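Inspection log for the structure reproduced underneath, given as structure tokens.
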Amino acid sequence: MAGFDAGVLDLSLTLDPMVITDGQLDTDLFATWKVTEGGWGIITGFRNTRIGILGGQEYQEKLVLGVGSPLPLFGDLSVRMRWGLEAAAVIVKHGADLPTDWIRFSQGRDFVDLINFGMFVTFECCSAAN
């Protein structure tokens, strides 16, 4: 993960380290718009997922919305922790000799398959002033 924190806007780029073990690569580009003095913010972003399947690589493009907040630290550490809750909706799937498939909700199962919810904690290095 790499990022830039500029006051009310926090930008981050994350590459999935688990690609080494599971072969699935998630790449996230997020912006967190801080809406409170305490650092609570609205997370918006984009996730690209690459999955190896028979026939090649399938790509899933997802829009991500969520909320995030800093977690309290103990002592004078140069590491900060952030908590987040997200919903990621698959907008389009393509590749691997499969037809391009755009988001639709023609049956109840589509909701379960196309929208994922997640919670995460990040540990970020920062200057002692943060």
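No lab work stands behind these numbers, since they all come straight from the coordinates. Bear in mind the structure is a predicted one, so any value in this text is a computation, not a measurement. Here the Cβ is made from the backbone with ideal geometry for all residues, glycine too, and neighbour counts use every protein chain on show.
Can you give the helix-only mean residue ellipticity at 222 nm for the chain, where every DSSP H stretch with n ≥ 4 adds -39500 (n - 2.57) and the sum goes over all residues, rounded to the nearest 500 deg cm²/dmol?
-2000 deg cm²/dmol
Out of (i) 15.8; (ii) 16.3; (iii) 27.3, which label holds the value of Kirkwood radius over Cα pairs in Å that was computed here?
Identified label for the calculated read-out: (ii).
Based on the Cβ-Cβ distance of D22 and F105, what FRET efficiency does E = 1/(1 + (r/R0)^6) give at R0 = 35 Å, to the nearest 0.05?
0.80
How much length is gained if the chain between V121 and L13 is pulled fully straight, taking 0.36 nm per residue apart and subtracting their Cα-Cα distance, in nm to one decimal?
37.4 nm
With +1 on the Cβ of every Lys and Arg and -1 on the Cβ of every Asp and Glu, and nothing else charged, how large is the dipole of the chain about its Cα centre, in debye rounded to the nearest 20?
Here the size comes out at about 180 debye.
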